[in-house]
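The values are calculated or read from the model by the stated rules, or taken from the named source; none is laboratory data. Note that the structure is predicted; figures quoted are calculated from it, not measured. Note: ideal-geometry Cβ built from the backbone for every residue, glycine included; neighbour counts use all protein chains shown.
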Amino acid sequence: MARKASGGSAKGGTGQPVLLSGGNPQIAKGDGDGPVQAYIAAMPGWKSEAGRRLDALIERTVPGVRKAVKWNSPLYGVEGQGWFLGVHCFTRYIKLAFFRGAALRPLPPVDSKDKDTRYFHIHEDDALDEDALADWIRQAAALPGWVP
């Protein structure tokens, strides 16, 4: 069961990151690989291994990828171009947000309220097509990214 965050601390009484409702780890914002790896390590259950595989796929696909954790979500980007991908844990899946996903071909399958963003969900028993995912990642990294 997920623990809700209380107060300003990002760690529970066990020294482990707090899981927000839906199981998303509460990780302090920060730039670089360290905060992203802390997030991945704190992803509950099967999601942590999926997060490691996803992170490795992104690194192989986009050498020199920029990483950060903001708003309790890992972000991936290209220096000077903004963020192209965000990751967020939910109870039953991991949501990948392609910030310029409407420009990807084929389109990622889940639409968004934002006309530019498209989502891809990873569920526990999915047979992940890493080649197709890498193609979306490659396309997304080549586009101007989201700049908050």
Inset, instruction - From Pro63, Pro35, grab the single residue that is out of contact with any helix residue (DSSP H, G or I) (no Cβ under 8 Å at 6 or more places or on another chain), within 21 Å of Phe90 (Cα to Cα) and not hydrophobic (A, V, I, L, M, F, W, C). - result: Pro35
Inset, instruction - Consider Gly34 carefully, then state whether it is surrounded by fewer than 17 Cβ atoms within 10 Å (Cβ to Cβ), farther than 20 Å from Arg138 by Cα and in contact with a strand residue (DSSP E or B) (Cβ under 7 Å, 6 or more places away or on another chain). - result: no
Legend entry - Hey, Ala10 of a type in the set (A, V, I, L, M), modelled with pLDDT under 95 and on the phi < 0 side of the Ramachandran plot or not: yes
Legend entry - region 136-148 residues that are touching a residue at least 24 places away in the same chain (Cβ under 8 Å), paired with ones that are assigned to a helix (DSSP H, G or I) (beta carbon under 6 Å, 6 or more apart): Ile137/Ile58; Ile137/Thr61; Arg138/Thr61; Leu143/Ala103
Inset, instruction - Collect the residues in region 111-145 that are surrounded by fewer than 18 Cβ atoms within 10 Å (Cβ to Cβ) and of a type in the set (Phe, Trp, Tyr), keeping them in residue-number order. - result: Tyr119
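Out of everything in region 54-89 that is over 19 Å from Lys29 (Cα atoms) and touching a residue at least 24 places away in the same chain (Cβ under 8 Å), what residue ends up being nearest to the chain's Cα centre (by Cα)?
Start the filter on region 54-89 by keeping residues that are over 19 Å from Lys29 (Cα atoms), which leaves 54, 56-64, 80-81.
Among the residues that remain, those that are also touching a residue at least 24 places away in the same chain (Cβ under 8 Å) are: 54, 57-58, 60-62, 81.
On the way: Leu54: 9, Leu57: 12, Ile58: 10, Arg60: 16, Thr61: 15, Val62: 15, Gln81: 18 Å.
The selected residue is Leu54.
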